[in-house]
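See structure below.
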Amino acid sequence: MPDAGDPHRRIATLMVHPVLIVGASMGGLRTAEALRRFGYSGPITAIGDEPHAPYNRPPLSKAVLAESVSHEAVAFEQRDSTADVNWILGVRVNSADLEHNVVTDSNGEVHPFSALVIATGLRPRRLSVSNGELRGRHAVRTLDDAIALRAELKPGARVVIVGAGFIGCEVAATARTLGCDVTVVAPGTHPMHRSLGTELASEMQRRHESKGVVIRMKTSVTDLVGESSVEGVILDDGTTLPCDVLVEAIGSHQNTEWLEGNDLDLSAGVLADNDLRALRRNGTPWDNVFVVGDVARFPNPAYDDEARQIEHWNIPTETAKRVAQVFTGQAHGAFRPIPSFWTDQYDNHLLAYGVLSIADDVTLIEGDVTGDCVFGYYRSGKMVGVCGIGMRSVVQSHRTNFV
Amino acid sequence: MIKIDVDMAKCQHYGQCVFEAPNVFELNNDDKLEYTATADDSERANIEAAIDVCPMQAIRIVE
Ligand SMILES: Cc1cc2nc3c(=O)[nH]c(=O)nc-3n(C[C@H](O)[C@H](O)[C@H](O)COP(=O)(O)OP(=O)(O)OC[C@H]3O[C@@H](n4cnc5c(N)ncnc54)[C@H](O)[C@@H]3O)c2cc1C
Ligand code: SF4
């Protein structure tokens, strides 16, 4: 063992600061795996504030919520290639100093890095109401959230879901399937309207209603009723819905507070260039600071030069791969990932490719709206997305339109 | 040789795996997943990519 005065040892410790990944979920895990796959063999440290090793979130509002929720049911398989990653779990990073290549965690410990990967994702936005200190309020982002919600989804329970995006609708379908009495309350015109467009969204509303879910669109929540736990939800039209279980699925906040003071554009996620390098406010990239997953806002030349956050499951994997390629000098051409999402609600399996929300025209291209069907999404006459209920092969046959 | 296992209780037949390892996975005429139980070692990288993109995390290499 060389002693501390040994010059070789000192040089070694100076040189081998790890690639530091903040956020130990899918984006963080996939980055570690991709760095190894593309040949980086130096140290990797990943710090995450959840106590669990990385796990898969989508089942938390679907199949796993319907059965029993456990880490085992959703954990990502750990690969041999990342066995030597130093996972620091249950620890939050409080601040970063990009100029000096360090972050500081909630225990006051300082972690130097050679490169930083921002993978801190999103957290649910919560209702802001005056009578808010009540039990029975839920959100669904983490495993612990899903475990807590699962315990309350008993047959006959009166469940009110605020928000009719994908997660709200998935929880509605799961709770209804479990025999709960379900009402969805949301401000928009149709469930999932912003993503799916009117045709498909109104059809999905019909399918939810045919299962007995009550859907109240163009409605918002003004306050809650209850002493210690939620008993009712007061709506803006003055009515009160009885409620045992409240699920708040009203969008997200960005987990970027820890990055403040570093001249980054944090107005929506972390603004990055097409190589996922975080950008200073003057538009120049940090060479050793990357962003992956839900929190990354980056331009995709497959569409245009507007930077967007894409909160779909395939993006952590795609962005992680690109970061590893850039970091190891193996990136070629522009980064043009095809966003893809799916959702399962009852026996409706929706699959989509592309960016549906930018379309100005939506057309049925196959099937029948009341059965299995596929819609094309177009902007200025060019296909920008495709989405189907069932009919996977047809949906997939259009995927090449976006490559 | 690589042995592949897909947990058909988990698989929702999304066919994302098909794009990554077309020699191993395909959707049949009924849009159901079919796959070869074994594959050549040269397919390993493709199969690992398929494991990554499977939304249900249903695919495993069992060696
Ligand atoms: C219930 C649910 C269902 C979904 N269903 C679908 C679906 O059907 N289809 C689809 O395409 N997508 C779906 N998604 C979206 C998909 O899961 C996300 O795109 C994906 O999880 C993003 O991964 P990520 O690693 O970027 O972020 P996250 O998974 O959010 O991970 C970020 C991690 O960083 C941690 N963290 C945050 N701040 C700090 C800090 N300061 N210090 C340390 N750690 C920190 C967080 O606790 C978290 O563990 C769903 C998401 C949810 C929640
Ligand atoms: S990607 Fe997964 S869920 Fe989809 S068909 Fe392949 S194994 Fe099944």
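Observations, loosely collected:
- Accessible surface of the protein assembly as shown [probe 1.4 Å, protein heavy atoms]: carbon and sulfur percent: 49
- Put a dot 7 Å past the Cα of A:Asp275, heading toward its Cβ, do the same for B:Arg44, and the two dots end up 3.0 nm apart.
- For the range A:291-320, heavy-atom accessible area (probe 1.4 Å) falls by no less than 50 Å² from the chain alone to the full protein assembly at A:Trp313.
- Taking the inverse of the mean reciprocal distance over all distinct Cα pairs, the Kirkwood hydrodynamic radius of the range B:2-62 comes to 11.2 Å.
- Over the range A:347-401, volume per residue of the alpha carbon convex hull, in Å³: 68
- 14 Å cut-off, amide nitrogen to a point 7 angstrom out along B:Lys3 Cα→Cβ, residues in the range B:29-54: B:37-39
- For A:Ile365, nonlocal amide neighbours, meaning residues 5 or more places apart or on other chains whose placed amide H falls under 5 Å from its own, are A:Val374, A:Phe375, A:Gly376.
- Solvent exposure ordering (accessible area, 1.4 Å, most first) of A:Ile389, A:Ile147: A:Ile147, A:Ile389
- Per-residue [θ]222 nm for chain A (sum of -39500 (n - 2.57) over DSSP H runs n ≥ 4, rounded to 500): -6000 deg cm²/dmol
- Semi-axes of the equivalent ellipsoid for the protein assembly as shown, computed as √(5λ) from the eigenvalues of its C-alpha gyration tensor and ordered from largest down, come to 37, 29, 22 Å.
- In the range B:1-39, comparing the full protein assembly with the chain on its own, the residues that lose 10 Å² or more of accessible surface at a 1.4 Å probe are B:Lys10, B:Gln12, B:His13, B:Tyr14, B:Gln16, B:Phe19, B:Leu27, B:Asp31.
- The trypsin sites (Lys or Arg not before Pro) of the range A:214-293 that DSSP puts in a loop, and whose beta carbon has at most 13 other beta carbons within 10 Å, are A:Lys218, A:Arg281.
- Förster radius 30 Å - calculated FRET efficiency between A:Asp236 and A:His52, Cβ distance, rounded to 0.05: 0.20
- Cβ charges +1 (Lys, Arg) and -1 (Asp, Glu), total dipole of chain B, debye: 160
- At the residue level, A:Thr183 shows approximately 20 square angstrom of accessible surface with a 1.4 angstrom probe and all protein chains present.
- Placing unit charges on the Cβ atoms only, positive for Lys and Arg and negative for Asp and Glu, gives the protein assembly as shown a dipole magnitude near 340 debye about its Cα centre.
- For chain A, DSSP calls about 60 percent of its internal beta bridges antiparallel.
- Filter on A:Lys62/A:Lys154; A:Lys154/B:Lys10; B:Lys10/B:Lys32; A:Lys211/B:Lys32 - keep pairs with C-alpha separation over 18 Å: A:Lys154/B:Lys10; A:Lys211/B:Lys32
The values are calculated or read from the model by the stated rules, or taken from the named source; none is laboratory data. Quick caveat, the model's predicted, so the values are computed rather than measured. Note that we place each Cβ from the backbone using ideal geometry, even for glycine, and neighbour counts take in every protein chain shown. The area values use the complete protein model at the heavy-atom level, side chains included, leaving out ligands, DNA and RNA. Shrake-Rupley method; radii C 1.70, N 1.55, O 1.52, S 1.80 Å.
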